[in-house]
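Some notes on the structure that comes next.
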Amino acid sequence: MTNLKEDKCMIAYYSRAGNNYVSGKIVNLPVGNTKVVADMIREITGGDVFSIDPVQSYPKDYSATTNVAKKELNENARPELSSHVENMESYNVIFLGYPNWWGTMPMPVFTFLDEYDFSGKIIVPFCTHEGSGLGHSEKDIAKLCPKATLLKGLDIHGSRVSAAKKDVTNWLSKIGMTE
C-alpha cells in the first residue's frame, strides 16, 4: 500500500442541508450528512476542504429537489459550479463525497470531475445514503476519470453519520491514510 499520508489531499464534496430524506421521513438537517463525513475526514487527515456547489441552488423542498436531480441525470446535465479549485495540480489524493441520488452522484459532482485532469491522481469516494450504498457511482467515476486510481469507497447510512467516526477512521486506516 502506498504511503498516502505523505500525499497532499483534498476533500471535495457536495452536501445538502435542509429538507432531506432520513430513516423514512423528511427531516430538516442543519448540516448535510455528506458535510459531516467530509469534516471527519478533514479532522483525521488534515486535508483541504472544497465544497462543490452549483450556481443554481436546488429547491428547498425535498421532493422538488429529487425531481430536478432526476431530470439532470436523465439529461446528463453539467450544472455550473459557483467556485473552482485554483491549484488542483498540487493535490495527489482527492476524497470525493456526495449523497447517493438516483443510484449515483449528484450532477454537480459530475461537473467537478469533468473540470479537472485527474490523471495520476488517487480518487477516494465516500457517499451518504438511505439504503442504496454507493450505487453505480464508483463505475461512473472510473468512466469519467480513466487515468486516475480509484480506491474502494466508503458508504455511510445518512441516519448514522453522527456516529460514523469509528467507521471513517477504520476505512482511512485500511486505505493507508492513517497510522
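Which condition breaks for Ala12 when tested against (1) of a type in the set (A, V, I, L, M); (2) crowded, with 20+ Cβ neighbours inside 10 Å; (3) farther than 21 Å from Thr111 by Cα?
Failed condition: (3).
Could you please let me know if Val22 is under 18 Å from Gly103 (Cα atoms), in contact with a Gly (Cβ under 7 Å, 6 or more places away or on another chain) and hydrophobic (A, V, I, L, M, F, W, C)?
yes
Looking for whichever is closer than 18 Å to His157 by Cβ, hydroxyl-bearing (Ser, Thr, Tyr) and more than 13 Å from the chain's Cα centre (by Cα) here; the options are Ser119, Ser137, Ser132. Which one fits?
Ser132
Quick one: which helices (runs of 4 or more DSSP H) sit completely within the range 53-148 and have at least 3 residues that are under 21 Å from Cys9 (Cα atoms) and of a type outside the set (A, V, I, L, M, F, W, C)?
107-115
For the range 134-154, name all the residues that are surrounded by fewer than 17 Cβ atoms within 10 Å (Cβ to Cβ) and of a type outside the set (A, V, I, L, M).
His136, Lys139, Lys143, Pro146, Lys147, Thr149, Lys152
Could you count how many residues in the range 45-82 are touching a Ser or Thr at 6+ places or on another chain (Cβ under 6 Å), surrounded by fewer than 17 Cβ atoms within 10 Å (Cβ to Cβ) and in contact (Cβ under 8 Å) with a residue 24 or more places away in the chain?
Residues flagged as touching a Ser or Thr at 6+ places or on another chain (Cβ under 6 Å), surrounded by fewer than 17 Cβ atoms within 10 Å (Cβ to Cβ) and in contact (Cβ under 8 Å) with a residue 24 or more places away in the chain within the range 45-82 amount to 3.
Which of the residues belonging to the range 22-58 are in contact with a Phe, Trp or Tyr (Cβ under 8 Å, 6 or more places away or on another chain) and among the small types (Gly, Ala, Ser)?
Ala38, Gly47, Ser51
Since every read-out is calculated from the coordinates, none of them should be taken as a lab result. All values reported here derive from a predicted model rather than from experimental measurement. Positions of Cβ are generated from backbone atoms using ideal geometry, with glycine treated the same way; all protein chains shown enter the neighbour counts.
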